[in-house]
Amino acid sequence: LLYWYPKADTPGCTAQAEGLRDQLEAFDDLGCTVLGASFDPPEVNAAFRSKYSLRFTLLTDRSRQVARTFGAVLDTDQSHPSRIATLVDPSSTAAMIYQVTDPEFFAESVLDDLERLTAEEKAEVEALAKLKEELSGGDEDTKRLSQDLEKIEAEVLEAKRIENIKLRSAAEQAHAKQ
């Protein structure tokens, strides 16, 4: 989870950070790493992190290029990022994008989505395994279907890999400009 906050140690940003801090174990249990980002200088983020015992990383985007890539700003002249977040799945694809309207209850909202997405992914994996098992012992038509299914699965994985490369490239370009 990469979440953007406008300014460290302000009421809304503090409520959001404390909510994430208080639920960090649940995020860890679901395999989710939490990262915060703002335009605040590193020393301001470090003080904010220390003051509120935040156990997740707070990033500084001085150039605002990463924020622009993630949609937290429209242009690099903005003084503060919008309060948005991106939940990134294991293939580095944006699974959910949030326009945060209630920072105090943001963590619970993300956890609900994470639990749902985790359950859906588990169900998909189980269904695919069951289908493969059912198709493995059949006639020639069934074997062809099984091979087609494997090809489709490989194409989906390749599409996710390409999207991952595009996202990484954009982030690396933004980071290089910093």
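The values are calculated or read from the model by the stated rules, or taken from the named source; none is laboratory data. In this text, all values refer to a predicted model and were calculated from it rather than measured experimentally. When we count neighbours, we look across all protein chains shown, and the Cβ atoms used for this are built from the backbone with ideal geometry, even at glycine. Each accessible area value is taken on the protein alone, full model and side chains, heavy atoms only, with ligands, DNA and RNA left out. Shrake-Rupley method; radii C 1.70, N 1.55, O 1.52, S 1.80 Å.
Things to note:
- Amide H contacts of M96 (H built 1.01 Å from N, in plane; Pro and chain starts excluded): L87 sit under 5 Å, all sequence-distant by 5 or more or on other chains.
- Under 13 Å of direct C-alpha separation, and excluding same-chain neighbours fewer than eight residues apart, K132 reaches these aspartates and glutamates: E124, D148, E150, E153.
- Of every Cα-Cα pair in the stretch 1-153, the percent that sits beyond 24 Å: 44
- Applying a DSSP loop filter and a limit of 12 other Cβ atoms within 10 Å to the trypsin sites (Lys or Arg not before Pro) in the stretch 26-131 leaves R55, R62.
- Cβ-Cβ FRET estimate between S79 and V156, R0 fixed at 35 Å, reported to 0.05: 0.30
- Once C-alpha pairs closer than 8 Å and six or more residues apart are averaged by separation and normalised to the residue number of the stretch 1-125, the relative contact order reads 31 percent.
- Where labels lie 7 Å past Cα in the beta-carbon direction, separation of S92 and R62 in nm: 2.5
- Percent carbon-and-sulfur accessible area, the chain, ignoring ligands, DNA and RNA, probe 1.4 Å: 52
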